[in-house]
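In what follows, a single structure is set out as structure tokens and then discussed.
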Number of protein chains: 2
Amino acid sequence: MKDQKELVREINERKIIEAAEHVFACYGFKGATTEKISKQSALPKANIHYYFKTKANLYHQVLAGILSEWMDSAQAFDNQEEPRQALTQYVVSKMEFSRLRPYASKVWANEMLHGAPIVSEFLETTLKNWLDDRVEVIQGWIDSDKMSAVDPIVFIYMIWSVTQHYADFERQMTLLNSGKSFTDEEYKIKTEQVVKLVLTSVGL
Amino acid sequence: MKDQKELVREINERKIIEAAEHVFACYGFKGATTEKISKQSALPKANIHYYFKTKANLYHQVLAGILSEWMDSAQAFDNQEEPRQALTQYVVSKMEFSRLRPYASKVWANEMLHGAPIVSEFLETTLKNWLDDRVEVIQGWIDSDKMSAVDPIVFIYMIWSVTQHYADFERQMTLLNSGKSFTDEEYKIKTEQVVKLVLTSVGL
DNA sequence: GTCTATACGTTGATAGAC
DNA sequence: GTCTATCAACGTATAGAC
């Protein structure tokens, strides 16, 4: 049984990581101050350093959490054998991630924009392996005439970009929508449209 | 005829804006320091302030330049009457922009990620008008059965995201390509693939 | 117009009382 | 483990010599 202090530590670390993800997403690594994170988490600034030692370390841990979630949602691709079902499920899962975890997506985008200094290794190993495998699966579908012949990499990048756009460029979309965010119902329809475009683009 | 000093001013301002675009793209607004910009432009730090007064003002001017280029490339959409030609030209033009001006695209993406504090007004007015007009054009094509019935907005967002991805996520693509950037020839092929996917997605 | 030296504010991090 | 007070480093901006 966990003692009191351990429990407090867990709760506070979670609070801080959530707050940090929010602040890093909104201001970037440099623009995010430990004071902003402390206010967002409703915890004193010194506690941020007590729990995470440095801002850089906190950022690392935020990214680690995002990577682990990213890999989870990547599994949606493999739950189905047929391209139509697999791609639908994957796109829907990516769109849900953008809807539910926009800050995570933005932190990720920010890290990429600025040269991926922290997650380079993950990209070169885990993600590259995942991508290579998925390219093979797609190539298999193409070879057995289940979808049209396209460059699988270009196709996957299209799925990533179009789905992540709904998180990363949320602000642009809202401003172009007369300042109104999409309702859940609207977002559901947008998701269906995205699925349709993606499937149609490869003849499904 | 311009005198010597005016010429020097023009040349230096251009140098600084180019350097600033590069540095803002790589480090974000906060992460970009006037010292980095001064080194990148090979001009003393004090001159940055002499020409642009504040870092914020310099950032404004960098964004203004990007907006103006953005509107130029937007015209590619209107050079053709038929959807196939218009969309092809537009996608190619967006892909070229990502290839030739990756830093501009990244500064833009960064501004969006962090809530578009500077360009909100442009988005709500100029860009919103442009978008509304293009939505009408696309709806016209749909109504006259020249392309399949899709949500024009979702479709345009797809074009934006997939083309801009090649600039903003350049680093991710390079790392997933065994550390090698795309050659001009490879990029040309990728562009053709993107055009094909976009056209096919709406039945063209 | 150019550039060195510096003032001032901000921020990451810690010491030390509780 | 919590939190206030404070330091040291950095970065923007400017003053003033050339």
>> Can you tell me which lysines have their Cα less than 18 Å from the Cα of A:K146? Leave out same-chain residues fewer than eight positions away.
In response: A:K196, B:K196
> When chain B is treated as a GNM, springs tying every alpha-carbon pair under 10 Å, which of B:V154, B:V91, B:V135 comes out with the largest mean-square fluctuation?
Replying inline: B:V154
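Pick out, in residue order, every one of the trypsin sites (Lys or Arg not before Pro) in segment B:10-107 that is DSSP loop and has at most 11 other C-beta atoms within 10 Å; say none if there are none. Could the numbers behind the result be given before it?
Numbers: sites: B:R14, B:K15, B:K30, B:K36, B:K39, B:K45, B:K53, B:K55, B:R84, B:K94, B:R99, B:K106; in loops: B:K53.
Listed in order of number, the matching sites are B:K53.
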> Quick one: label points 7 angstrom along Cα→Cβ at B:V137, distances to the other copies in nm, smallest first?
Replying inline: 3.8
> In the Gaussian network model of chain B, springs joining C-alpha atoms below 10 Å, which of B:I189, B:I37, B:I159 carries the largest mean-square fluctuation?
Replying inline: B:I189
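Where the convex hull is taken over the Cα atoms of segment A:65-142, what is its projected area averaged over directions, in nm²? Don't skip to the answer; put the middle values down first.
On the way: hull surface 21.5 nm².
The orientation-averaged projected area of the Cα hull of segment A:65-142 comes to 5.4 nm².
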> Over all distinct Cα pairs, what is the inverse of the mean 1/r for the protein assembly as shown, reported as the Kirkwood hydrodynamic radius in Å?
Replying inline: 22.7
> In whole Å, what three semi-axes, largest first, describe the equivalent ellipsoid of segment A:8-61 built from its Cα gyration tensor (square root of 5 times each eigenvalue)?
Replying inline: 16, 11, 10
> In nm, one decimal, shortest first: how far is the label point of B:E18 (7 Å from Cα along Cα to beta carbon) from the matching points in the other copies?
Replying inline: 4.9
> By how many degrees, 0 to 90 and rounded to 10, does the Cα axis of helix A:128-143 deviate from the longest principal axis of chain A?
Replying inline: 20
> How far is helix A:152-168 tilted off the main Cα axis of chain A, in degrees rounded to 10, range 0 to 90?
Replying inline: 40
> So for segment A:87-204, taking the charge dipole from beta-carbon charges (+1 Lys/Arg, -1 Asp/Glu), which of A:L204, A:T191, A:A109 sits furthest toward the positive end?
Replying inline: A:T191
> Taking the Cα atoms only, what angle lies between the long axis of helix B:4-31 and the longest principal axis of chain B, rounded to 10 degrees?
Replying inline: 60
> Between B:E121 and A:S181, how many nm apart are label points set 7 Å from Cα along the C-beta direction?
Replying inline: 2.6
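For chain A, what is the mean residue ellipticity at 222 nm derived from helices alone (per DSSP H run of n ≥ 4: -39500 (n - 2.57); sum divided by total residues; nearest 500 deg cm²/dmol)?
On the way: 10 runs with 152 residues, N = 204.
Mean residue ellipticity, 222 nm, calculated: -24500 deg cm²/dmol.
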>> Restricted to Cα positions, what overall size does segment A:88-127 have along the principal axes? Three whole-Å values, descending.
In response: 30, 21, 11
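Once you've got the Cα coordinates, tell me which of B:K53/B:K106; B:K36/B:K180; A:K5/A:K45; B:K5/B:K94; B:K5/B:K45 are over 29 Å apart.
Working: B:K53/B:K106 24 Å; B:K36/B:K180 26 Å; A:K5/A:K45 19 Å; B:K5/B:K94 37 Å; B:K5/B:K45 19 Å.
Over 29 Å Cα-Cα: B:K5/B:K94.
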> For segment A:3-96, what is the convex hull volume of its Cα atoms per residue in Å³?
Replying inline: 115
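Just the C-alpha atoms of segment A:48-204: what Rg/Rh do they give, with Rh taken as the Kirkwood radius? Present the calculation step by step, with values, prior to reporting the outcome.
Numbers: Rg = 17.1 Å, Rh = 17.0 Å.
Radius of gyration relative to Kirkwood radius: 1.01.
Throughout, read-outs are computed from the coordinates displayed, never taken from laboratory work. All values reported here derive from a predicted model rather than from experimental measurement. When we count neighbours, we look across all protein chains shown, and the Cβ atoms used for this are built from the backbone with ideal geometry, even at glycine.
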